[in-house]
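Colleague: Handing you this structure, nothing more for now.
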Amino acid sequence: MPDIQIYLALAVGAYLLGSIPFGYLVAKIKGIDIRTVGSGNIGATNAMRVLGKPAGIFVLLLDALKGYAACVFLAPLIYNWISPHLSGFAPLFSSLPEIARLKYETVTGIGAVLGHNYTCWLKFKGGKGIATSAGVYIALAPWALLIAVAAFAVFLLATRYVSVGSIAAAIALVAAVWIMTPANLFLCIVTTLLGALAIYKHKGNIQRLIAGTENRFGQKKEATK
């Protein structure tokens with residue numbers, strides 16, 4: 001029972017961290033409601049199109065930082081605070097077996113991505129989770145992430161569609177995690193679910209790709225939804 005409570009606390013804390021809508025806030029500072037322009041998405045790609053490259057890169061880094069911070073900082077912080085209250089004496093997070101730490105970190109990673117994708121501050125409408133997921137996997141599986149980033153770059157350069165690169169990266173990350181960490185079934189399953197969620201969040205982009213109306217990278221923004 002205490003373990004379930006710890007997982008719940010980690011998930012809720014990470015969700016709240018992930019739910020900070022940096023793209024929306026940065027645009028709001030500039031007097032723009034990013035939900036009403038471009039693709040209407042609060043993520044870094046739309047921020048880059050609407051606000052320019054510097055602001056877009058800033059949003060990208062902040063969104064990625066949410067995922068990384070959830071795993072590396074928030075997981076041990078919440079565990080070290082709540083575990084002694086539930087079970088009396090408890091080992092510090094850093095002294096737990098690696099597999100136990102990874103499970104806790106994975107749960108916080110899930111929470112951060114869900115917080116970004118379905119932020120409670122914007123009526124549960126958020127981004128697509130690509131940058132936040134990247135931050136999570138910098139912490140959990142950096143080599144698998146490197147393969148995903150390479151896939152993103154190849155498909156972006158080949159097609160000039162950010163959405164195609166993002167979908168390719170999601171698929172590559174799932175494949176890389178299964179190949180490189182097959183013993184960690186929990187991480188493999190979670191990565192598969194997050195990859196499916198990332199592709200699902202691109203359903204609008206997929207429809208526009210089929211219709212031939214998707215914006216290419218560097219193309220002048222259009223008011224598409």
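Every number here is computed from the coordinates shown, using simple stated rules; none is lab data. Quantities reported herein were computed from a predicted structural model and do not represent experimental measurements. Cβ sites come from the backbone with ideal geometry, for glycine too, and all protein chains shown count toward neighbours.
Colleague: Let me spell out the model: positive unit charges on the Cβ of Lys and Arg, negative unit charges on the Cβ of Asp and Glu, origin at the Cα centre of the chain. What dipole size does that give, in debye rounded to 20? Can you show the working numbers first?
Modeller: Working: 19 positive and 7 negative charges, 206 e Å.
Dipole size: approximately 1000 debye.
Colleague: Moving on. How much length, in nm to one decimal, is gained on full extension between Val149 and Ile29, taken as 0.36 nm per residue of separation minus their Cα-Cα distance? All intermediate terms of the calculation are to be shown ahead of the outcome.
Modeller: Working: separation 120, 0.36 × 120 = 43.20 nm, distance 3.02 nm.
That works out to 40.2 nm of additional length.
Colleague: I've got another one for you. Using the Cα centre of the chain as origin and beta-carbon charges of +1 (Lys, Arg) and -1 (Asp, Glu), tell me which of Leu173, Ala9, Leu102 is placed farthest towards the positive end of the dipole.
Modeller: Among Leu173, Ala9, Leu102, the one farthest towards the positive end of the dipole of the chain is Leu173.
Colleague: Under a Cβ-Cβ cut-off of 12 Å, what is the net charge of the residues other than Ala75 that fall near it, where Lys and Arg count +1 and Asp and Glu count -1? Let's see the in-between values first.
Modeller: Details: positive: Arg101, Lys103; negative: Glu105.
Charge balance in the 12 Å sphere: +1.
Colleague: Compute the distance in nm between two label points, each set 7 Å from the Cα along the Cα-to-Cβ direction, one at Cys120 and one at Met180.
Modeller: Here the modelled spin labels are 3.4 nm apart.
Colleague: Separate question: Return the distance in nm (one decimal) between the two label points of a simple spin-label model at His85 and Ala211, each offset 7 Å from Cα along Cα→Cβ.
Modeller: 4.9 nm
Colleague: List the longest stretch of the chain that has no exposed loop site; here a site is one of the chymotrypsin sites (Phe, Trp or Tyr not before Pro) assigned by DSSP to anything other than H, G, I, E or B, with at most 11 other Cβ within 10 Å.
Modeller: Segment 125-225 is the longest.
Colleague: Modelling each spin label as a point 7 Å along the Cα-to-Cβ direction, I'd like the Tyr200/Leu8 distance in nm, to one decimal.
Modeller: About 2.3 nm separates the two model spin labels.
Colleague: Give me the mean projected area, in nm² to one decimal, of the convex hull enclosing the Cα positions of the chain.
Modeller: Averaging across all directions leaves 12.5 nm² for the Cα convex hull.
Colleague: Through the Karplus equation 6.51 cos²θ - 1.76 cosθ + 1.60, θ set to phi - 60°, convert the phi angles of segment 118-124 into ³J(HN,Hα) values in whole Hz; use x for Gly and Pro.
Modeller: Once rounded to whole Hz, the list reads 9, 5, 5, 7, 10, 6, 6.
Colleague: Now, a different point. Round to the nearest 10 and give me the degree value, 0 to 90, for the angle of helix 130-140's Cα axis relative to the longest principal axis of the chain.
Modeller: Roughly 30 degrees between the two axes.
Colleague: Another question about this same structure. Can you give the local net charge around Leu145? Use residues other than it whose beta-carbon is closer than 15 angstrom to its beta-carbon, Lys and Arg +1, Asp and Glu -1.
Modeller: On the way: positive: none; negative: Asp63, Glu105.
Counting the neighbours of Leu145, the net charge comes to -2.
Colleague: Ok, one more. How would Asp33, Asp63 line up from fewest to most surrounding beta-carbon atoms within 10 angstrom?
Modeller: Ranked by crowding around the Cβ, least crowded first: Asp33, Asp63.
Colleague: Against the longest principal axis of the chain, how steep is helix 185-201, in degrees 0 to 90 to the nearest 10, with axes from Cα atoms?
Modeller: 30 degrees
Colleague: Between 0 and 90 degrees, rounded to the nearest ten: what's the tilt of helix 98-117 against the longest Cα principal axis of the chain?
Modeller: Compared with the principal axis, the helix lies near 40 degrees.
Colleague: Which one of Thr159, Tyr118, Ala144 has its Cα pushed farthest toward the positive end of the charge dipole of the chain, where Lys and Arg give +1 and Asp and Glu give -1 at the Cβ?
Modeller: Going by the charge dipole, the pick is Thr159.
Colleague: A further question on this structure: If we count every other residue with Cβ under 15 angstrom of Ala158's Cβ, Lys/Arg +1 and Asp/Glu -1, where does the sum land? It would help to have the intermediate numbers written out before the result.
Modeller: On the way: positive: Arg160, Arg216; negative: Glu214.
Cβ neighbours under 15 Å give a net charge of +1.
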